[in-house]
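Asks: Below: one structure in structure tokens.
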Amino acid sequence: MKTLYLVSIIIVVLILLVVFIVLYKRSKIKRLREKLEELERQRNLIVATPVMTELQKIEVIVKNEQLEDKYEEWKKRYEKIKNERFSSITDQLLEVDNIIETSGYEAAKEAIVDLEMEIYKLRVSTDNLLDEIREVTMSEERNRAIVTKLKSRFRELERTFENNKVAYGDVITNIELQFENIEKKFSDFEEVMEHNEYEEVVGVVKVLDEMIAHIGVVIEELPDIILLTDKIIPARVKELKDIYDKMVAKDYPLDYLKVPYNIEQIVNKISDIKTRLKILNLEDSMFELKTFLDYLDNLYNDFDLEKRSKKVFDEVAKSFKVKLQKVNGIVTDIYNQLDDIKSMYNLTEDDLNDLGNVNKELYTTNSEFNHIIGDLKNKVLPYSKLKDRMTRLANGFGKIEEDLNICLKSLGSMHDDEIRAREQLDEITELLKKCRSKIRNYPLPIISNNYFVELSEANEAIYEIVKELEKTPITIKTLNIRVDTARDLSLKLYGTTNEMIKTARLCEMTIMYGNRYKPLDKDIENGLDMAGQLFFKGNYKKSLETAIAAINIIEPDIYKKMLNLYKED
């Protein structure tokens, strides 16, 4: 059963394979026949090309030997296509059909490719022949359509000219003559068409097109050109020359604009344009005139720029001159007094360098300012450039003023520091007097050695201030250090004095207050006795802490109570 089943499957597969192969071959043959039918249709379309119809049109209009020769040539070419090449392709179609039936797919495919190439060549030859014939048969219609449009444009230009003759000035006669020439060309066209001279008619139509295009430019642009050359530009030239002369009279440096030369060139160019207008030559005329207008408009802007620049320059230069003179005076005064300043104060190298840099920059600024004023007097540069230089110089001058102010503050602060040092010396001395007075007024049993060390340091610092003030010249930096040191030591001594007296008083008050509790507790008695001993040894802080600790046994808040009593005392 398994063998039978396997054999059945193989048989079915073979049958399907055979059916597929048969169907595939039929499909390829079918496509070849469809291609062949398409080629036959193309052959029929070529056969239907209306070459003969167009030749019959030529036969009717033949009126000269040249056209007759062409007609005969076209007939021979068409007869060859019709009698030889059409028949050859028909035979090839039958042959390919036979190959499809007998020789198989590959041979038929190759034959179809050859046939397709022959049909393509035939179609190209037929189309070229038809185009050559139609070049003549359709020439009259095409050329008449072109000439009709040209004539319409020509009449429109004539009406425009007649309606606005005044705008064309002295060239009216030339334009009318050109119109007459164009009319003659239209007559030439009709004559050529009458004799069927189709090769010459192309040249006539081309000339007509060029002449009408030219006269169109003349009619459209000439009024504007005449207006520009006769009125607008001359008026602007005159106005600008007047402005230029007035500004030059006011000492404006305007040589860089080359106004006289450029205006002379414009006048000469306009004269040349007007000469060419008489022969209706407008080539580049409008472009040149617009260029002149742009130049003149820009010249107005240049004049306005110079006027604005002069105003700004005058304002900035006036203000700057005042500032410069003021700074020059200050720096001169400083250098005149520099020896006296050096004798009073020990100036550092940086102080002298800063002052020297200010003087150097000031010298450069003075030179540049004088150079600008010289260029102005000699009319070397226009105000627009002088204004920029003056503005940059004025903006940069701020840095010099800032550096000078720093120098002045530095020199001024030296004197202020000396005055302040003397004032603080008095204050520090007074502070030490208060410390001594407080120590004398409160009978302390013992004063610690540390206190006398602090007092000695404070006195020594005061002595250093006095020594520094007696020097010639004074070194302000060192003086300020001495003052700061003495002040810090004096304040420290003052704080130590107050703290020591406060602690001693609190200690004394606490021991006296706690004596009432001695009979009540042996520890309190011992603690207070110890506190008394420490007090008389000068150890006031430890004595206070011991007394507080002893009394805390009965009164835990004794320290706060003692502080309140101290404040009320």
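The values are calculated or read from the model by the stated rules, or taken from the named source; none is laboratory data. Treat the numbers as computed from the prediction; the structure is a model and nothing was measured. Note that each Cβ is placed from the backbone with ideal geometry, even for glycine, and that neighbours are counted across all protein chains shown.
The rows are residues; the columns are (1) modelled with pLDDT under 75; (2) touching a helix residue (DSSP H, G or I) at 6+ places or on another chain (Cβ under 8 Å).
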| position | (1), (2) |
| --- | --- |
| Ile406 | yes, yes |
| Lys409 | yes, no |
| Met414 | yes, yes |
| Glu418 | yes, yes |
| Ala421 | yes, yes |
| Asp426 | no, no |
| Thr429 | no, yes |
| Leu432 | no, yes |
| Ser437 | no, no |
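Asks: Considering only helices (runs of 4 or more DSSP H) fully contained in the range 477-568, which possess at least 2 residues that are surrounded by fewer than 14 Cβ atoms within 10 Å (Cβ to Cβ)? Spell out how you get there, then give the answer.
Replies: Working: elements: 522-536, 540-551, 558-568.
The qualifying helices (runs of 4 or more DSSP H) are 522-536, 558-568.
Asks: When the residues of the range 123-154 are filtered to those that are among the polar types (S, T, N, Q) and modelled with pLDDT under 75, which remaining residue is nearest to the chain's Cα centre (by Cα)? Walk me through it before giving the result.
Replies: Pass one, the range 123-154, residues among the polar types (S, T, N, Q): 125-126, 128, 137, 139, 143, 148, 152.
Cutting the leftovers down to modelled with pLDDT under 75 gives us 137, 139, 143.
Details: Thr137: 64, Ser139: 60, Asn143: 57 Å.
In this case the residue turns out to be Asn143.
Asks: From the list Asn268, Asn281, pick out the single residue that is closer than 30 Å to Val217 by Cα, at pLDDT 85 or above and of a type in the set (S, T, N, Q).
Replies: Values: Asn281 fails: at pLDDT 85 or above.
Sole residue among the options that is closer than 30 Å to Val217 by Cα, at pLDDT 85 or above and of a type in the set (S, T, N, Q): Asn268.
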